[in-house]
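K.L.:
Okay, here's the structure, questions in a sec.
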Amino acid sequence: MATIELQAIAHQYESGQGSASSDAAEPFAVNTLDQCWPDGGAYALLGPSGCGKTTLLNIISGLLHPTAGSVLFDGVDVTARSPEQRNIAQVFQFPVVYETLTVADNLAFPLRNRGLPRLDIDSRVASVLTMLGLQEKANLKARDLSVDDKQKISLGRGLVRTDVKAILFDEPLTVIDPHLKWQLRTELKKIHQQFQHTMIYVTHDQTEALTFADRVIVMHEGSIIQVGTPQELFEKPQHTFVGRFIGSPGMNVIPCVVEGATAIVGEHRISLHASLGSDFRNSGLQNTELGIRPEYVRLSQEQGLPAAITAIEDVGKHVVVRVMLAGHELKAILREGELIPQHPKVSFEPGKINLYENAHLIEAAE
Amino acid sequence: MKTVNNKAWLMVLPVLLLVGLSAIIPLMTVVNYSVQDTFGNNEFFWVGTEWFQEILHSERFHNALQRTLLFSALILAIEIPLGIGIALAMPKRGIGVSVCLVLMALPLLIPWNVVGTIWQVFGRIDIGLLGHGLASLGLDYNYTQNTFDAWATIIIMDVWHWTSLVVLLCYSGLVAIPEVYYQAARIDGASRWAVFRYIQLPKIKRVLLIAVLLRFMDSFMIYTEPFVVTGGGPGNATTFLSIDLVQTAVGQFDLGPAAAMSLIYFLIILLLCWVFYTVMTVSDQRASATKGRNH
């Protein structure tokens, strides 16, 4: 278990065969970043495909040597060390099993390689088998199992060592059945609470990230955009990307003009006092956008800005209503039992409006 | 409902005809010769299994069979591990890949009798680079007179000629292993040997089976190269079954015994291939049998 620190880490993949012309074109997979993740936390690296989250994970585990910067475990520079020396466990997206070995031998493999006493190995393997519900298959050859079970073995090999500095997961539940996914995620959460391992979980699935992690690190195009609790990411997205990426549907982001403490959308005026404090004044903001979660958009007959309904999507537990407001599309989530008004008027819940300048959040003055 | 259309047989007819003309009819001619005796003039006498009994009890046949088995065993024992080793050492990407592949493919492209001629000249003590080189080092090397030298020359020649095939087959299996397996092995702290034993070997097992079968069959049937280099000598030291067979059939014109011998030869190859195949796939079958019981 360790505190993981990244100092000025950056990574650039080598371009092809390195002909001089293509060198410049290769972008950084991870832009220079500094992070410190305290010991024992459950972290999720969240972002769309190709945002650099797996690259960052491989840099932490030591599978990849960063182009620049250093990785520290508990204050010790481990940048030059191999994954084995770093004592890291990592679970990959697709199942990796040693096909000719039995399930139990697969789980024992990382322990045997480190020369643990036989009794310790047996007891660890037995407990991981129970944890994953694989007891009955312990003596089967790994290649004869289903994909689900193979991925369980992969997970198990990550969890079998108790002395690891951190356990890294690279979208480990991608190939797993939805029903089992839920169960395994709960299991991982439980293991985390029990052993307090530092766990880093890479995913592009916000539900997975938000349910698994205490702190979520949102990445976009090789940079970390926001680090926060699930609550913070929901209420105060630091960047319009985070707002749009998190939530289902994502945050409404509509361009606006700010005059004093009033946002003007088309010909509608919306007060920003409740969100940004009573002494907020526009001080020459440019490219401003207004962000509001669909959960906080109210539709009613009586008061608000007139809008036209363009689409209604019933997604089961709630209804998403798309409306046009001054030429911009807005999504609103209707709470259970709420009726869709004939001629809806739109209002925003006070205090839930976020204001962005050049896509970055403007914080309320304390 | 499955519709049975007997016209489909017509589609298979060309293949059947081709196989019949190219394989079955010539084979039946051999069978025909093996149970009859002839003194020319197209006169044949029925002799039953006499030729087979003669061959099976002939010391000459036993000796040739033993030499051939020893040769195949040595070839497999050298070429399979060496081929795997070279394949493991070959680069996985970059310009080195094409260079290695071309170098590996070169010996395979040379006609067999040319390979024989190359080594025949190469090993000569008067003008050959190898033979003369060894002689000038004071070594008593002479493949035309010394049995050990003749065997060594033929085996090194075959290793030079055919190891590439094993290399190419194994390499194709190795490059198909996803990088993530090696990453997982690094995370698990696996040794180089463990990586080979538990990742690479299981993944190349199938191509390795093909390599073993091909190398066994080819080495067991080898004719051209030793014929060109040693002509079966010194004495009968390198007279393998194939050379013996040609001597019997073409040299002595003993068609009956030669036919019986070629059928026995064929059955031995078939039997040994079946043994190799069974041994190398038996663990798969055992695994699926266990699986069957559990479901």
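The values are calculated or read from the model by the stated rules, or taken from the named source; none is laboratory data. Please read all numbers here as calculations on a predicted model, not as lab measurements. Cβ atoms come from the backbone with ideal geometry, glycine included; neighbour counts cover every protein chain shown.
Table: residues versus (1) under 15 Å from B:Thr163 (Cβ atoms); (2) among the charged types (D, E, K, R).
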| residue | (1), (2) |
| --- | --- |
| B:Gln66 | no, no |
| B:Leu76 | yes, no |
| B:Ile80 | yes, no |
| B:Met90 | yes, no |
| B:Leu101 | yes, no |
| B:Ile118 | no, no |
| B:Asp126 | no, yes |
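K.L.:
Right, A:Asn358: within 19 Å of A:Pro237 (Cβ to Cβ) and in contact with a strand residue (DSSP E or B) (Cβ under 8 Å, 6 or more places away or on another chain) or not?
P.N.:
Criteria not met by A:Asn358.
K.L.:
Looking only at the range A:156-178, count every residue that is among the aliphatic types (A, V, I, L, M) and within 12 Å of another protein chain (Cβ to nearest Cβ) and tell me the total.
P.N.:
Residues in the range A:156-178 being among the aliphatic types (A, V, I, L, M) and within 12 Å of another protein chain (Cβ to nearest Cβ): 5 in total.
K.L.:
So, in the range B:232-259, exactly how many residues are touching a residue at least 12 places away in the same chain (Cβ under 8 Å) and assigned to a loop (DSSP other than H, G, I, E, B)?
P.N.:
Qualifying residue count, the range B:232-259: 9.
K.L.:
Does B:Ile204 satisfy the criteria of being under 24 Å from B:Pro107 (Cβ atoms), at pLDDT 90 or above, in contact with a Cys (Cβ under 6 Å, 6 or more places away or on another chain) and not charged (D, E, K, R)?
P.N.:
yes
K.L.:
Mind listing just one residue for me: the one in the range A:48-81 that is on the phi > 0 side of the Ramachandran plot, assigned to a loop (DSSP other than H, G, I, E, B) and among the small types (Gly, Ala, Ser) and, of those, farthest from the other protein chains (Cβ to nearest Cβ)?
P.N.:
A:Gly75
K.L.:
Quick one: in the range A:82-103, of everything that is facing chain B (nearest Cβ under 7 Å), in contact with a Ser or Thr (Cβ under 7 Å, 6 or more places away or on another chain) and β-branched (Val, Ile, Thr), which residue is farthest from A:Asp144 (Cα to Cα)?
P.N.:
Per the criteria, the residue is A:Ile88.
The rows are residues; the columns are (1) at pLDDT 95 or above; (2) in a loop (DSSP other than H, G, I, E, B); (3) surrounded by 17 or more Cβ atoms within 10 Å (Cβ to Cβ); (4) not acidic (Asp, Glu).
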{"residue": "B:Lys92", "(1), (2), (3), (4)": "no, yes, no, yes"}
{"residue": "B:Cys100", "(1), (2), (3), (4)": "no, no, yes, yes"}
{"residue": "B:Ala105", "(1), (2), (3), (4)": "no, no, no, yes"}
{"residue": "B:Asn113", "(1), (2), (3), (4)": "no, no, no, yes"}
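K.L.:
Within the range A:125-157, can you find the residues that are more than 17 Å from A:Leu180 (Cβ to Cβ) and in a helix (DSSP H, G or I)?
P.N.:
A:Val125, A:Ala126, A:Ser127, A:Ala142, A:Arg143, A:Asp144, A:Arg157
K.L.:
Do any helices (runs of 4 or more DSSP H) entirely within the range B:171-224 hold 2 or more residues that are at negative phi and more than 12 Å from chain A (Cβ to nearest Cβ), and if so, which?
P.N.:
Correct list: B:201-220.
K.L.:
Can you tell me which residue among B:Ile125, B:Ile118 is assigned to a helix (DSSP H, G or I) and β-branched (Val, Ile, Thr)?
P.N.:
B:Ile118
K.L.:
Of everything in the range A:125-154 that's within 26 Å of A:Ile60 (Cβ to Cβ) and either basic (Lys, Arg) or touching a Pro at 6+ places or on another chain (Cβ under 6 Å) (or both), which residue is farthest from the other protein chains (Cβ to nearest Cβ)?
P.N.:
A:Lys152
K.L.:
Which of (1) without any contact (Cβ under 8 Å) to a residue 12 or more places away in the chain; (2) within 30 Å of B:Arg192 (Cβ to Cβ); (3) over 23 Å from the mean Cα position of the chain (by Cα) does B:Lys92 not meet, given it meets every other one?
P.N.:
Unmet condition: (1).
The rows are residues; the columns are (1) among the charged types (D, E, K, R); (2) surrounded by 15 or more Cβ atoms within 10 Å (Cβ to Cβ); (3) out of contact with any helix residue (DSSP H, G or I) (no Cβ under 6 Å at 6 or more places or on another chain).
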site	(1), (2), (3)
A:Gly156	no, yes, no
A:Val160	no, yes, no
A:Val164	no, yes, yes
A:Phe169	no, yes, yes
A:Val175	no, yes, no
A:Pro178	no, no, yes
A:Leu184	no, yes, yes
A:Gln193	no, no, yes
A:Ile200	no, yes, yes
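K.L.:
I'd like to know if the range A:16-30 contains one or more residues that are within 18 Å of the chain's Cα centre (by Cα) and either of a type in the set (A, V, I, L, M) or at pLDDT below 90 (or both).
P.N.:
Checked against the condition, which is being within 18 Å of the chain's Cα centre (by Cα) and either of a type in the set (A, V, I, L, M) or at pLDDT below 90 (or both), the range A:16-30 yields at least one hit.
K.L.:
Can you name the strands (runs of 3 or more DSSP E) wholly within the range A:239-318 that have at least 1 residues being in contact (Cβ under 8 Å) with a residue 40 or more places away in the chain and out of contact with any Phe, Trp or Tyr (no Cβ under 7 Å at 6 or more places or on another chain)?
P.N.:
Strands (runs of 3 or more DSSP E) meeting the threshold: A:252-255, A:257-259, A:262-265, A:268-271, A:288-292, A:297-300.
K.L.:
So which of B:Phe266, B:Phe276 is within 14 Å of the chain's Cα centre (by Cα), assigned to a helix (DSSP H, G or I) and surrounded by fewer than 15 Cβ atoms within 10 Å (Cβ to Cβ)?
P.N.:
Result of the check over B:Phe266, B:Phe276: B:Phe266.
K.L.:
Could you tell me whether any residue of the range A:82-105 is among the small types (Gly, Ala, Ser), surrounded by fewer than 20 Cβ atoms within 10 Å (Cβ to Cβ) and on the phi > 0 side of the Ramachandran plot?
P.N.:
No, the range A:82-105 contains no residue that is among the small types (Gly, Ala, Ser), surrounded by fewer than 20 Cβ atoms within 10 Å (Cβ to Cβ) and on the phi > 0 side of the Ramachandran plot.
K.L.:
Tell me, please, whether a residue that is more than 30 Å from A:Gln183 (Cβ to Cβ) and within 14 Å of chain B (Cβ to nearest Cβ) can be found in the range A:106-124.
P.N.:
Yes, there is a match, as at least one residue in the range A:106-124 is more than 30 Å from A:Gln183 (Cβ to Cβ) and within 14 Å of chain B (Cβ to nearest Cβ).
K.L.:
Kindly indicate whether B:Val195 is in contact (Cβ under 8 Å) with a residue 12 or more places away in the chain and over 21 Å from B:Val102 (Cα atoms).
P.N.:
yes
K.L.:
Taking B:Thr68 as the residue in question, decide whether it is in contact with a helix residue (DSSP H, G or I) (Cβ under 6 Å, 6 or more places away or on another chain) and of a type in the set (Val, Ile, Thr).
P.N.:
Against the criterion (in contact with a helix residue (DSSP H, G or I) (Cβ under 6 Å, 6 or more places away or on another chain) and of a type in the set (Val, Ile, Thr)), B:Thr68 qualifies.
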